[in-house]
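Colleague: Got a structure here, written out as structure tokens. Questions coming.
The values are calculated or read from the model by the stated rules, or taken from the named source; none is laboratory data. Since this is a predicted model, take the numbers as computed values, not measurements. Heads up, the Cβs are rebuilt from the backbone with ideal geometry, glycines too, and the neighbour counts pull from every protein chain shown. With ligands, DNA and RNA removed, areas are computed over all heavy atoms of the protein, side chains included. Shrake-Rupley method; radii C 1.70, N 1.55, O 1.52, S 1.80 Å.
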Amino acid sequence: MRKKLDSLLSEKIIILDGATGTNLQKCGMPGNVCPERWIMDHPEPLKQLQKAYADAGCDIVYAPTFSANRIKLKEYGLEDQVEEINRCLVRISRDAVGEDIMVAGDMTMTGEQLEPIGDLTFDELLLCYEEQARAIAEAGADIFVVETMMNLQETRAAVLAIQKVCTIPIMVTMTFDANGRTLYGTDGITALITFQSMGVAAFGMNCSCGPKNMEPMLEAMKPYARIPLIVKANAGLPEYVNGETVFSMGPEEFSRETAGLITRGAAMAGGCCGTTPEHIRSLALAASGMPCLGQAPAEAEAKTAYAVTTQRKTWFLDPDMFAKGNLENVRINTMLNAMENDDFYRDLQSGQWDALYDIMEDIADDMPDLIQVCVDADGIDGVRAMKTLFNEMDLSIAPVAISSVHPETLEAALTYYPGRALVLDISQDDHVKAAIMAVCKQYGAVMLENKI
């Protein structure tokens, strides 16, 4: 299916569908019901809507599996129907558009807060998304879309979960506010670099206020994009008129402004809240024959090869650090190396972090170039330690360089680290080094060799 997507991208701007929820509400869907269950009980409005999108020139429609995950469905007492609901909704979309139009399995946030802000663990979130992703994949979706995301770590969980259960291509779109950041503080460049390193097929933005608001972020991301960029904006700002929410932007204005985003590098375009089949028809006509003006992948690769990220920040490391094969002039703080710091070692033994906060203050005063994190020590469960360590650390001080001679510890670190990680390889054994390189490649981490 990745080949089909790539083939389409080589031929044209890919047109995505428009809004689902706002249009179904016009067809009678109440605001106080589970949308997924309502669609199962009333499939015809969705079929008509998606057929209209296909007729309007849409290449990919989103199956209405948006919130059909166990955590969200629990609000309606439907948490034990995840498989049934997702399979049914993908089937309804397939029946609506046939085999020529691609059907995307849609996934989004659960509505619960991840640790350390909330009580939801990363492992629980992974299992939740795996369950939904497996049902969508088995139902025959052509592609996944993880959309309307605001939390980088929650988005990572969804991507990792999908990759665990299948090899179907993944698109990711996040929602950014007027200052270019998500609700949780992630900027578009950081998110793009994180997810393209994880192997997603396309990345971009959805929702927001309207196409114009996406221009600055799109232009900022374009030089770093090795993958197609997506725009899927609302039809302008919502307004409350006579007791009803309406969107101000008509089809012509919407398509004109979205076409402007295509000239700035978007390769995939559609509509979000307030858009209709007429908006998509107008967009498809405007985009017909337009070339994709995205950044050349080789140039973007050069810019991002040594970029590492956290939830809120990107560091572009000096390529010379990697090319020369030595770190003699790089200041590496090793206070979070369990073999060198007894206080950190005791924290790891106890599973508590009494000393960590003081250590982080000392590291901040040191102003290092890199912070080495190594939990390899006698009596330490490295996998267990990595599950919570990054929740407790201040990751804004300097890039974290993760070290371990145990591939399973390193894989845990790359699973739970909230961004694109840097691995500082300290292995002496060629077999261990090969295993570490494989884990880094799997998770899209940057690898820096050094003997410490």
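Colleague: Leaving out ligands and nucleic acids, and using a 1.4 Å probe, what accessible area per residue does region 103-238 come to in Å²? Walk me through the numbers before you get to the answer.
Modeller: Working: 4020 Å² over 136 residues.
So region 103-238 comes to 30 Å² accessible per residue, rounded to a whole number.
Colleague: While we're on this one: Around residue 175, under 11 Å between beta carbons, what's the net of Lys plus Arg minus Asp minus Glu among the other residues? It would help to have the intermediate numbers written out before the result.
Modeller: Working: positive: 181, 232; negative: 147, 177.
Overall, the nearby charge balance is 0.
Colleague: In vacuo Debye scattering of region 36-111, one point per C-alpha: log10 I(q)/I(0) at q = 0.26 Å⁻¹?
Modeller: The calculated log intensity ratios at q = 0.26 Å⁻¹ are -1.16.
Colleague: Can you give the longest stretch of the chain with no exposed loop site, where a site means trypsin sites (Lys or Arg not before Pro) in a DSSP loop (not H, G, I, E or B) with at most 14 other C-beta atoms within 10 Å?
Modeller: That would be 1-323.
Colleague: Separate question: Would you check the accessible area of residue 244, probe 1.4 Å, heavy atoms only, in square angstrom rounded to 10?
Modeller: Ignoring ligands and nucleic acids, residue 244 comes out at about 100 Å².
Colleague: Enter the accessible area of residue 5 (Å², nearest 10), with the probe set to 1.4 Å and all protein chains included.
Modeller: 0
Colleague: Tally up the carbon and sulfur contribution to the accessible surface of region 247-300 as a whole percent, 1.4 Å probe, everything protein left in place.
Modeller: Numbers: 1230 of 2170 Å².
Its accessible area is 57 percent carbon and sulfur atoms.
Colleague: Next up: Please arrange 279, 406 by accessible surface area, largest first, computed with a 1.4 Å probe and ligands excluded.
Modeller: Numbers: 279 10, 406 80 Å².
So, going from the largest accessible area down, we get 406, 279.
Colleague: Which of the lysines could a cross-linker span from residue 4 if the Cα-Cα distance has to be under 16 Å and same-chain partners fewer than 8 positions apart are dropped?
Modeller: 12
Colleague: Right, next: Keeping every protein chain present and rolling a 1.4 Å probe, give me the accessible area per residue for region 315-435 in Å². Before the final figure, lay out the partial values.
Modeller: Values: 5570 Å² over 121 residues.
Result: 46 Å² per residue.
Colleague: In whole Hz, with x marking every Gly and Pro, tabulate ³J(HN,Hα) for region 366-371 from phi via Karplus 6.51 cos²θ - 1.76 cosθ + 1.60, θ = phi - 60°.
Modeller: 6, 6, x, 7, 9, 10
Colleague: Based on the Cα atoms of region 233-319, what semi-axes does the equivalent ellipsoid have, where each is the square root of 5 times one gyration tensor eigenvalue, given in whole Å with the largest first? Kindly include the intermediate steps, with their values, before the conclusion.
Modeller: On the way: eigenvalues 236, 78, 11 Å².
With the √(5λ) rule applied to region 233-319, the semi-axes are 34, 20, 7 Å.
Colleague: With all distinct Cα pairs included, what does the Kirkwood hydrodynamic radius of region 73-229 come out to in Å, to one decimal, could you say? Write down the numbers at each step before the final one.
Modeller: On the way: mean 1/r = 0.0613 Å⁻¹.
In region 73-229 this quantity evaluates to 16.3 Å.
Colleague: To the nearest 20 debye, what is the magnitude of the charge dipole of region 142-231 about its Cα centre, counting +1 on the Cβ of each Lys and Arg and -1 on the Cβ of each Asp and Glu? Intermediate results must be reported in sequence, preceding the final value.
Modeller: On the way: 6 positive and 7 negative charges, 37 e Å.
Charge dipole of region 142-231: 180 debye, to the nearest 20.
Colleague: In square angstrom, rounded to the nearest 10, how much accessible surface does residue 11 have for a 1.4 Å probe?
Modeller: 130
Colleague: Using only the Cα atoms of region 1-62, what do you get for the radius of gyration and for Dmax, in Å?
Modeller: When restricted to Cα atoms, region 1-62 yields Rg and Dmax of 14.3, 43 Å.
Colleague: Within 9 Å, Cβ to Cβ, of residue 223, how many net charges do the neighbouring residues add up to if Lys/Arg are +1 and Asp/Glu are -1?
Modeller: Details: positive: 222, 303; negative: 219, 299.
Net charge in that neighbourhood comes out at 0.
Colleague: At 1.4 Å probe size, with the rest of the protein present, what percent of the exposed accessible area of region 314-398 is carbon and sulfur atoms? Let's see the in-between values first.
Modeller: Numbers: 1830 of 4430 Å².
With neighbouring chains kept in place, the figure for region 314-398 is 41 percent.
Colleague: Separate question: Could you work out how far helix 211-221 tilts from the main Cα principal axis of the chain, as a 0 to 90 degree angle to the nearest 10?
Modeller: On a 0 to 90 degree scale, this one is about 30.
Colleague: So what is the accessible area of region 1-73 per residue, in Å², with the probe set to 1.4 Å? Before the final figure, lay out the partial values.
Modeller: Working: 3100 Å² over 73 residues.
Ligands and nucleic acids excluded, the result is 42 Å² per residue.
Colleague: Of the heavy-atom accessible surface of region 47-202 (probe 1.4 angstrom), what whole percent is carbon and sulfur?
Modeller: Ligands and nucleic acids excluded, carbon and sulfur give 47 percent.
Colleague: If you take every DSSP beta bridge whose two residues both sit in region 227-331, what share of them, in percent to the nearest 5, is antiparallel?
Modeller: Numbers: 7 of 12 bridges.
Given both bridge residues lie in region 227-331, the antiparallel proportion sits at roughly 60 percent.
Colleague: What's the local net charge at residue 53, with K and R +1, D and E -1, over the other residues with C-beta under 12 Å away? Don't skip to the answer; put the middle values down first.
Modeller: Working: positive: 47, 51, 281; negative: 17, 55, 59, 278.
Computed value for this residue: -1.
Colleague: Would you be so kind as to identify which of 82, 135, 160 lies farthest towards the positive end of the dipole of region 75-184, taking Lys and Arg as +1 and Asp and Glu as -1 on Cβ and the Cα centre as origin?
Modeller: Result: 160.
Colleague: List the relative contact order of the chain as a percent without decimals, with contacts defined as Cα pairs under 8 Å and 6+ residues apart.
Modeller: In percent, rounded to a whole number, it is 13.
Colleague: Compute the long axis of helix 277-287 from its Cα atoms, compare it with the longest principal axis of the Cα atoms of the chain, and write down the angle in degrees, 0 to 90, nearest 10.
Modeller: 70
Colleague: Let me ask something else. Can you give me the distance in nm between label points at residue 406 and residue 365, each placed 7 Å from the Cα along the Cα-to-Cβ direction?
Modeller: With each label point 7 Å from Cα toward Cβ, the separation is 3.2 nm.
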